[in-house]
Amino acid sequence: MSDPASQPDPIHMSDSARKSVFCISSYEKGQPFLIEAARLGCDVTLLTVDTLRDADWPKDILHEFLTMPPDLTPEQIVNTVTWLARTRPIDRIVALDEFDLEVAALLREHMRLPGLGQTVTRFFRDKLAMRTQARQNGIPVPDFTPVLQHAALDAFMRSTPGPWLLKPRTSASAIGIKPVSRPEDLWPILDSLGDLQSHYLLERFVPGEVFHCEGVTWAGKVLFAAPCKYGAPPIETMHSGGIFSTRTLAAADPDALAILDLHAAMLSALHLQAGVTHSEFIKSAADGRFYFLETAARVGGAYIADTIELATGLSPWVEWARIEVAAARGTPYTLPPLRHDSAGAVISLARQESPDLSAYTDPEIAYRLHKPHHAGVLLSSPSEGRIRTLVESYTRRFLTDFNAVLPAPDKPTA
């Protein structure tokens with residue numbers, strides 16, 4: 001959706017000075033990143049899985065397109081990439097998907113390349129690490145405990161009112177989260193997990209409204225932050241069905257101002273120096289306070305990036321590429337000019353293979369999804385109130401016109 005003409009001109013460099021950006025992705029995403037990095041004059045290599053060999057990649061702009069089996073261990077990927085590095089320079093390694101962040105960090109550590117190392121990457125992948133670090137720095141988080149000592153788990157449930165959520169430490173979105181209503185319900189779940197139970201944490205469920213904030217950070221400072229509000233919480237739509245929706249908040253909205261402060265403090269506590277982030281917060285229905293839920297050093301999914309671009313003119317994918325290229329070249333990074341409109345997204349699984357959206361005719365519709373068994377629109381307007389009204393109205397209509405429910409996945413799907 002970005003207009004390349006609105007971005008800085010590429011820097012023409014000699015072959016010896018060209019930078020090589022090596023991207024890894026186990027899922028089909030990040031095409032705008034690849035295109036922008038190549039447009040800026042970098043040699044861009046993409047390593048993806050064999051099953052995505054024929055996906056919609058911009059192969060015409062790639063320096064190299066490589067695939068690997070989907071079930072390689074991190075050590076095997078290290079062997080693969082270091083074998084490739086025998087005959088190719090690699091200046092930056094970028095994981096386009098959250099589930100590749102750890103192997104990218106391992107590669108940077110092993111190859112002594114700049115960027116997020118394994119310790120800081122933990123703050124943006126491991127829910128236990130990010131909560132512990134946030135709490136130690138005074139960032140409010142829901143009460144939680146690691147799944148280690150069973151006696152400590154029992155004490156936590158006795159002292160912390162339920163219900164609770166058993167969360168995978170390194171999953172994304174609401175995938176794999178298991179609600180726990182009574183203490184006796186926890187132990188059979190842990191027994192079924194066996195040796196994997198330490199890869200979970202137990203957290204008090206905090207009822208409330210869920211928000212997210214899309215950020216751009218450079219030199220340790222948050223240069224851009226876009227607070228947004230989900231409709232139903234993602235965990236609710238994932239586990240109970242319903243309509244996914246989000247919308248940007250007005251700059252003067254008290255909730256937006258509170259999120260901006262908490263977002264900046266959280267990223268400082270987690271030591272992010274440069275990159276893009278997708279972070280989630282909850283406003284407790286009980287006390288009205290905001291609590292940090294989780295963050296990731298990636299672009300938000302579910303068309304969130306497109307929604308942000310409609311509202312502000314800033315594409316998180318494009319800016320991430322510009323950040324990586326600036327860091328590789330040792331040049332400054334600056335934000336593009338910004339708009340201050342409002343935008344929203346309404347998306348649903350659909351009973352129909354090709355949902356008919358012809359009854360949705362409002363001029364604020366900027367984009368319609370074309371994906372089997374999905375109905376969705378992206379909305380844009382100068383009026384925050386108009387976007388709020390349309391998101392609420394379309395959510396109700398989608399429930400009747402399209403909505404289908406599938407069981408929540410235990411593992412991520414492409």
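The values are calculated or read from the model by the stated rules, or taken from the named source; none is laboratory data. Fair warning: this is a prediction, and the values are worked out from it, not measured in the lab. Here the Cβ positions follow ideal geometry from the backbone for every residue, glycine too, while neighbour counts run over all protein chains shown. All accessible areas refer to the heavy atoms of the entire protein, side chains included, with ligands and DNA or RNA removed. Shrake-Rupley method; radii C 1.70, N 1.55, O 1.52, S 1.80 Å.
Applying a 10 Å radius around every beta-carbon, put 287-300, 181-194 in order of their mean neighbour count, most first. Numbers along the way, then the final one.
Numbers: 287-300: 20.6, 181-194: 12.6.
Output ranking for 287-300, 181-194: 287-300, 181-194.
Could you grab the relative contact order for region 198-291? Cα pairs under 8 Å, six or more apart, rounded to a whole percent. Let's see the in-between values first.
On the way: 146 pairs, mean separation 35.9, N = 94.
Value for region 198-291: 38 percent.
Classify region 29-178 as rounded, prolate or oblate from the Cα gyration tensor: take a ≥ b ≥ c as the square roots of its eigenvalues, call it rounded if a/c is under 1.5, otherwise prolate when a/b beats b/c and oblate if not. The partial results should precede the final answer.
On the way: a/c = 2.44, a/b = 2.29, b/c = 1.07.
The shape class here is prolate.
Only Cα pairs under 8 Å and at least 6 apart count here; give the relative contact order of region 137-224 as a rounded whole percent.
Working: 97 pairs, mean separation 31.3, N = 88.
Computed value for region 137-224: 36 percent relative contact order.
Using a 1.4 Å probe on the protein heavy atoms, what percent of the accessible area of the chain belongs to carbon and sulfur?
Details: 9840 of 18640 Å².
Answer for the chain: carbon and sulfur cover 53 percent of the accessible area.
Going by average Cβ density within 10 Å per residue, which order do the peptides 303-309, 67-73 take, highest to lowest?
In decreasing order of mean packing, 303-309, 67-73 become 303-309, 67-73.
Can you tally the net charge around GLU384? Count Lys and Arg as +1, Asp and Glu as -1, for every other residue whose Cβ sits under 15 Å from the Cβ of GLU384.
Values: positive: LYS229, ARG247, ARG339, ARG386, ARG388; negative: ASP253, ASP255, ASP341, GLU364, GLU392.
In short, 0.
Give me the extension gain from GLU353 to THR119: residue separation times 0.36 nm, minus the current Cα-Cα distance, reported in nm with one decimal.
Values: separation 234, 0.36 × 234 = 84.24 nm, distance 4.39 nm.
Using 0.36 nm per residue and subtracting the Cα-Cα distance, I get 79.9 nm.
Can you tally the net charge around PRO363? Count Lys and Arg as +1, Asp and Glu as -1, for every other residue whose Cβ sits under 14 Å from the Cβ of PRO363. Mind showing how you got there, number by number?
Details: positive: ARG368, ARG386; negative: ASP341, ASP362, GLU364.
My count for the surroundings of PRO363 gives -1.
Quick query: amide H of ALA274 versus all other amide H atoms, modeled in the peptide plane; which residues come in under 5 Å with a sequence gap of 5 or more or a different chain?
GLY220
If you bin every alpha carbon distance in region 138-266 into 10 Å steps from zero, what whole percent lands in each bin?
11, 34, 32, 19, 4
Tell me which residues come under 5 Å, amide H to amide H, from SER342 once H is placed; ignore anything under 5 positions away on its chain.
The list, which skips near neighbours in sequence, is SER381, SER383.
Once you place label points 7 Å from the Cα toward the Cβ at ARG289 and HIS373, how far apart are they in nm?
4.3 nm
Could you tally the net charge around PRO69, taking each other residue with its Cβ under 14 Å from the Cβ of PRO69, Lys/Arg +1 and Asp/Glu -1? Spell out each step's value before the answer.
Working: positive: ARG53; negative: ASP50, ASP71, GLU75.
Value of the local net charge: -2.
Only residues of region 293-315 count here: report those whose backbone N is under 20 Å from the spot 7 Å along Cα→Cβ of ALA252, or say none.
Correct set: 312.
Using all C-alpha to C-alpha distances in the chain, build P(r) with 20 Å bins and read off the rounded percent in each one.
All Cα pairs, binned at 20 Å, distribute as 25, 59, 16, 0 percent.
Select from GLY162, GLY215, GLY330 the residue whose mean-square fluctuation is largest in a Gaussian network model of the chain (Cα-Cα springs shorter than 10 Å).
GLY330
Calculate, for region 96-214, the solvent-accessible area per residue in square angstrom, rolling a 1.4 angstrom probe over the heavy atoms of the protein chains. List each step's numbers first, then the result.
Working: 5210 Å² over 119 residues.
Accessible area per residue, region 96-214: 44 Å².
Which of the helices in the chain, when you take each full DSSP H run, stretch at least 24 Å along the axis at their Cα atoms and have an average Kyte-Doolittle score of -1.0 or higher? Walk me through the numbers before you get to the answer.
Values: long enough: 384-401 (25 Å, -0.78).
Counting only whole DSSP H runs, the qualifying helices are 384-401.
Run the reach check for LYS178 against lysines, Cα to Cα strictly under 25 Å, same-chain hits fewer than 8 apart removed. What comes back?
LYS127, LYS167, LYS229, LYS283, LYS411
Grab the beta carbon distance between TRP83 and LEU196, set R0 = 35 Å, and tell me the FRET efficiency rounded to 0.05.
Details: r = 31 Å, r/R0 = 0.88.
Efficiency, rounded to the nearest 0.05: 0.70.
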